[in-house]
Amino acid sequence: MFSKILIANRGEIALRILRACREMGIRTVAVHSTADADAMHVRLADESVCIGPPSLTESYLNKAAILSAATITGAEAIHPGYGFLSENASFAELVEEHGISFIGPNPEHIRMMGDKIQAKITMKQFNVPLVPGSDGALQDIATAYKIADEIGYPVLIKAAAGGGGRGMKVAYSKDELEEAWKVARTEAQMAFGNDEVYLEKYLDNPRHIELQIIGDSYGNVVHLGERDCSLQRRHQKVLEEALSPVLTDEQRQKISSIVTNAMKNLKYRNAGTLEFLYQDGHFCFIEMNTRLQVEHPVSEYVSNIDLVREQICVAAGEKLSFIQNDIHLRGHSIECRINAEDPVTFAPSPGTIKMFHPPGGLGVRLDSALYQGYKIPPYYDSLIAKLIVYAPTRTEAIARMKRALEEFVISGVNTTIPLHQAILNDEEFQRGEYTIHWLENFIAKNQQ
Ligand code: ADP
């Protein structure tokens, strides 16, 4: 096992990883930008290294600075968290070339899944169901017209290198296709430096359901059930739950055996998530994330597995400490992503935390790096806290989340707590009747 790990991230996820390391008796190295000198992850780590000024490219995306920090401090492994360099295959390669372990999959798998076209081609080989669409990259607009005619409108043009909902454009009819194709390519080129795009049927009312898996270096792969992440705004997840309120045990069994089989064939190591759209009883694969996800705590609650600990163990060459039959998915868990934003306009709201009172009690978990007096820097993501609850049933989990949100005091900045409260009080939500479009409609209705 490693004796020292460098955490190449910030905020709540840096803290989450640090906590797992502490419990495992592993020393930690925090890296930080000058804007994060007072951050909680820096205060709690055994050692810390300043890696640059606030801008991301000069700090948290600065491969050379992070590698130097690991070398100077003698870290044996790097945990990238999510975002930043977590899905950067060349960074993973560079880390390994320096004799340091990358806590993630082997770089070949990061590269394969980072190219969404390649990911779909790979999944197809293993009989994972896909969204109907082009078989590979779209070479020209004529091919786009041809495929769209075959599968029917609306269609979606998506960037091969896509992420964060960028480089994605819908065409509801033939006359919108050329424009969608142009805009998606331009956006993709600007965001990812790669204008390769593909085409998919635009599903009108799907749910977003994703499977959590974890594999080791010995070909063992176990799934931890699914998460329902349909509540999204601008393709960004807002509230997630495990398990999904709509899947039967039989459906879960079927899709998870297809997925684990595919991952075993790939010899995939690390935690991973296969994202699907689910409509009319059918699953359609959209992409795979080869890292820890923001919403991993809901799966931890229902499976009773510490995903970060397992990631560290498998990266250190250990076997998974459990087999599929050891996993008994139980109860219900919900996560609310709380952002420092105006709950109505969603404008970012950085500033100083004047009062901070976290909720507590049975079945309540708060993953947050906030503290009273902390100054939220304006340079980074607005996620400031993840509030996660667990209860035997979904109804009880909703009641518990409402109670926990009521207790939660954050003052000095605006937060999205009121939005979460409104969602939890909605009867459709309470009945589990929602799709990926539900939240945008809900927000529009509430703004009237
Ligand atoms: P990104 O990597 O940019 O997040 P994804 O492929 O994961 O892109 O898609 C993000 C979200 O966009 C999905 O959760 C879903 O809400 C929507 N989406 C993606 N593909 C489709 C599709 N074919 N039909 C309808 N909605 C889609």
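The values are calculated or read from the model by the stated rules, or taken from the named source; none is laboratory data. These figures come from a predicted structure and were not determined experimentally. Virtual Cβ from ideal backbone geometry, glycine too; neighbours counted across all protein chains shown. To get the accessible areas, we keep the full protein, side chains included, count just its heavy atoms, and leave off ligands, DNA and RNA. Shrake-Rupley method; radii C 1.70, N 1.55, O 1.52, S 1.80 Å.
Quick notes
- Screening the candidates Glu96, Glu87 for the property of being within 16 Å of the ligand (Cβ to nearest atom) and charged (D, E, K, R) yields one hit, Glu87.
- Filtering Ile312, Ile376, Ile353, Ile286 for residues that are without any contact (Cβ under 8 Å) to a residue 40 or more places away in the chain and crowded, with 17+ Cβ neighbours inside 10 Å leaves a single hit, Ile376.
- Residue check for Leu67: under 19 Å from Asp306 (Cβ atoms) and either in contact with a strand residue (DSSP E or B) (Cβ under 6 Å, 6 or more places away or on another chain) or not small (Gly, Ala, Ser) (or both): no
- Criterion: open to solvent by less than 10 Å² (accessible area, probe 1.4 Å), within 15 Å of the ligand (Cβ to nearest atom) and among the basic types (Lys, Arg) - qualifying residue of Arg227, Arg207: Arg227
- The number of residues in the stretch 230-247 being within 12 Å of the ligand (Cβ to nearest atom), modelled with pLDDT of 95 or more and surrounded by fewer than 22 Cβ atoms within 10 Å (Cβ to Cβ) comes to 4.
- Among the residues of the stretch 339-383, the ones that are among the β-branched types (Val, Ile, Thr) and out of contact with any Phe, Trp or Tyr (no Cβ under 9 Å at 6 or more places or on another chain) come to 3 in all.
- Within the stretch 278-318, being closer than 30 Å to Ala160 by Cα, part of a loop (DSSP other than H, G, I, E, B) and polar (S, T, N, Q) holds for Thr290, Gln293.
- Candidates Thr395, Thr435, Thr415: the one that is β-branched (Val, Ile, Thr), modelled with pLDDT of 95 or more and more than 22 Å from the chain's Cα centre (by Cα) is Thr395.
- Within the stretch 248-274, considering residues that are in contact with an Asp or Glu (Cβ under 7 Å, 6 or more places away or on another chain) and open to solvent by 10 Å² or more (accessible area, probe 1.4 Å), the one nearest to the ligand (Cβ to nearest atom): Arg252
- Candidates in the stretch 290-306 are the residues that are in contact with a Ser or Thr (Cβ under 7 Å, 6 or more places away or on another chain) and open to solvent by less than 10 Å² (accessible area, probe 1.4 Å); of these, the one that is nearest to the ligand (Cβ to nearest atom) is Gln293.
- Residue count for the stretch 31-41, restricted to those that are part of a helix (DSSP H, G or I) and open to solvent by 20 Å² or more (accessible area, probe 1.4 Å): 3.
- Pairing each residue of the stretch 156-173 that is near the ligand (Cβ under 10 Å from one of its atoms) with any residue that is modelled with pLDDT under 90 and open to solvent by less than 40 Å² (accessible area, probe 1.4 Å), provided the two are 6+ apart or on different chains, yields C-beta distances under 6 Å for Ala159/Gly167.
- Residue that is nearest to Glu200 (Cα to Cα) [pool: residues in the stretch 148-171 that are in a strand (DSSP E or B) and not aliphatic (A, V, I, L, M)]: Lys158
- The stretch 47-104 - residue that is touching a residue at least 40 places away in the same chain (Cβ under 8 Å) and assigned to a helix (DSSP H, G or I) and, of those, surrounded by the fewest Cβ atoms within 10 Å (Cβ to Cβ): Leu56
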